[in-house]
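Worksheet: one structure, shown below.
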Amino acid sequence: MVGGAWSCCLLFLLLLPSSLLVLGLRFQEYLYFQVLSPGDIRYIFTTTPAKDFGGAFKQRYDQIHLVPADPLEACGELSNGAFIQGQIALVERGGCSFLSKTKVIQEHGGRAVIITDNAADNDSFYVEMIQDSSGRTADIPALFLLGRDGYMIQRSLEQHGLPWAVISIPVNVSSIPAFDLRQPPWTFW
């Protein structure tokens with residue numbers, strides 16, 4: 001029985017076009033980050049990387065600022081661009097393409113961008129971020145965050161009067177014992 005199931009899976013994989021195999025792995029990737037401060041949202045959050053633009057993390061950042069862009073949609077000049085430089089920006093979906101937002105953050109010296117859904121009640125649907133057909137490219141990582149997670153991070157920063165959160169990114173969740181894995185209580189894992 002086991003050999004038959006294995007043969008069936010192998011046959012299925014052989015029948016798929018090779019481009020789907022390569023891209024298919026990308027669709028299922030998740031990248032995790034942990035908020036270290038403020039303490040009330042000290043959880044590990046799940047993001048998905050952009051499908052066909054942006055760079056990859058080449059190193060781990062143990063303590064880096066997650067700075068909400070101002071304006072939050074980040075479709076043009078930022079009033080807090082100096083705070084984005086060398087940090088990771090949190091921006092909100094809407095107003096322009098995902099790539100445009102990523103380019104704005106890159107031009108302000110950001111190391112990466114986390115784009116949260118603009119639907120604050122979205123706690124389960126990941127949007128596939130794709131190229132906008134402008135022919136432009138971006139070199140920094142671009143990640144998509146559920147709207148509920150983005151909302152809770154922003155709300156905590158506002159409640160504490162903080163200009164940014166301190167995070168670690170990326171986090172290898174497979175190396176964390178299950179009892180130490182703090183997940184947001186509002187998100188289904």
Counting alpha carbon pairs within less than 8 Å and at least 6 residues apart, what relative contact order, in whole percent, applies to region 113-189? 37 percent
Just how large is the dipole of region 86-189 about the Cα centre, in debye to the nearest 20, putting +1 at every Lys and Arg Cβ and -1 at every Asp and Glu Cβ? 180 debye
For region 89-102, in residue order, the Karplus 3J(HN,Hα) values (coefficients 6.51, -1.76, 1.60; θ = phi - 60°; whole Hz; Gly and Pro = x) are 9, 9, 10, 10, 5, x, x, 6, 6, 4, 5, 4, 4, 4
Radius 9 Å from Cβ of residue 146, net charge of other residues (Lys, Arg +1; Asp, Glu -1): -2
On the accessible surface of region 94-156, probed at 1.4 Å with all protein chains in place, carbon and sulfur together account for a percent value of 48 percent
In a solvent-free Debye calculation with one equal scatterer on each Cα, what is log10 I(q)/I(0) for region 94-189 at q = 0.12, 0.17, 0.18, 0.19 Å⁻¹, listed in the order of the q values? -0.48, -0.94, -1.04, -1.13
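The values are calculated or read from the model by the stated rules, or taken from the named source; none is laboratory data. Quick caveat: nothing in here was measured; it's all calculated off a predicted structure. With ideal geometry, Cβ positions are generated from the backbone for all residues, glycine too; neighbour counts draw on all protein chains shown. The area values use the complete protein model at the heavy-atom level, side chains included, leaving out ligands, DNA and RNA. Shrake-Rupley method; radii C 1.70, N 1.55, O 1.52, S 1.80 Å.
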